[in-house]
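Chemist: Before we start, here is the structure in question, set down as structure tokens.
The values are calculated or read from the model by the stated rules, or taken from the named source; none is laboratory data. All figures in this text were calculated on a predicted structure; none of them were measured in a lab. Here the Cβ positions follow ideal geometry from the backbone for every residue, glycine too, while neighbour counts run over all protein chains shown.
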Amino acid sequence: MLPSKKAISIGYDFPSNHPRARFLEKAVALSQKSVDIVMNPHDRIFPGADTIDAVRSGKLDFGWINFAHLEQIAPDLAAMHAPFTLSDTTMHTTEQRQQYLAEVNSKLGGTDLCIAAVMRGADQIICTGRPIELAGARFSKLPLRVPGSGVYENIIGALGAKPILATISTALALIESGKVKGAITSPGAWLTLFKVHYPHVYHMKGLMMINYVLLSRRADADAEWARLIKSANTQCVTENWDAMRMQDEEILAAIKSSNECTYQVIEPTDHEVRSLGSEPVNIGQLP
């Protein structure tokens, strides 16, 4: 074991049965050959932006966090996840993913935090309790749960819907309150959390690719134990981007073949393109 650190605490806020959790487990297994790892210490979850304060205060050494929450400390980051910007093509290679990490850390340069790894969150989907009439102003004033402020609110608002904030750990209470009629989420979170409530899935491909990033304190970045965690998560998480893409494709394929759920790929209307301020790009097929 590394003598300078008794145990390393790592947090994440999505359900333990979420498909992505198995990649984190692999990183933990690899790291524990050299140092003790505690995931979500004392079974405490720091939802959403609370992860930022938990890492800063030392309650966590590392925290997996939805990228959108970092806008709170570095507003310039929002442009990196603008509509139809990030995609599986732009994150396909190791070099592209390392460039992404470098750009994020550059924009975080004025803060006390940095990121050590990136995890493919998902090309987001919209799910609802009732089918949507796709003609006209289809999302007009529809109350939809969003997991964060900033880019999430901007995109859902541009579609004409009403964004209502709830992190993944507080979403169920919001759903049960009846205050929302749907959600924007990942296929994995839909499978583990939203499926029962929102069986109708709409996929505007490329609308919003969101990543999770592994947040840490900049002052610890060069410590031997921190480099070990970075290496393990790079190997087991960041470099498994395509495996995560295939996870989501399998979930979406299962929705298509289901008799209990529906899945539709939708294109943005001209009005939505103008509101979003950007339009889909024909990115072609992955190599």
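Chemist: Are there any pairs, at least 6 apart or on different chains, whose C-beta atoms fall under 6 Å, with the first in the stretch 139-157 and surrounded by fewer than 21 Cβ atoms within 10 Å (Cβ to Cβ) and the second in a helix (DSSP H, G or I), and if so, which?
Modeler: G150/A68; G150/E71; G150/A78
Chemist: Right, another one. Are any residues in the stretch 138-154 among the hydrophobic types (A, V, I, L, M, F, W, C) and modelled with pLDDT of 95 or more, and if so, which ones?
Modeler: Those that are among the hydrophobic types (A, V, I, L, M, F, W, C) and modelled with pLDDT of 95 or more: F139, L142, L144, V146.
Chemist: Which pairs turn up if I take residues in the stretch 192-219 that are at pLDDT below 95 and look for partners that are among the small types (G, A, S) and surrounded by 19 or more Cβ atoms within 10 Å (Cβ to Cβ) with beta carbon separation below 7 Å, at least 6 apart in sequence or on another chain?
Modeler: Every condition considered, the pairs that remain are L193/A171; I210/A68; I210/G121; I210/A122.
Chemist: Still on this model: In this structure, is S186 of a type in the set (S, T, N, Q), crowded, with 18+ Cβ neighbours inside 10 Å and in the same structural domain as K26 (by TED's automatic domain parsing)?
Modeler: no
Chemist: Against the condition buried (at least 20 other Cβ atoms within 10 Å of the Cβ), at pLDDT 95 or above and of a type in the set (S, T, Y), how does T51 come out, does it pass?
Modeler: Against the criterion (buried (at least 20 other Cβ atoms within 10 Å of the Cβ), at pLDDT 95 or above and of a type in the set (S, T, Y)), T51 qualifies.
Chemist: While we're on this one: How many of the residues in the stretch 250-260 are touching a residue at least 24 places away in the same chain (Cβ under 8 Å) and within 23 Å of the chain's Cα centre (by Cα)?
Modeler: 3
Here's the yes/no breakdown for (1) part of a helix (DSSP H, G or I); (2) more than 16 Å from E239 (Cα to Cα); (3) of a type in the set (S, T, N, Q):
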position: L77; (1), (2), (3): yes, yes, no
position: P83; (1), (2), (3): no, yes, no
position: L86; (1), (2), (3): no, yes, no
position: M91; (1), (2), (3): no, no, no
position: Q98; (1), (2), (3): yes, no, yes
position: S106; (1), (2), (3): yes, yes, yes
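Chemist: Just to be sure before I move on: is E272 assigned by TED's automatic domain parsing to the domain that holds S186 and either farther than 26 Å from P19 by Cβ or surrounded by 13 or more Cβ atoms within 10 Å (Cβ to Cβ) (or both) in the structure I sent?
Modeler: Taking the combined requirement at face value, the residue satisfies it.
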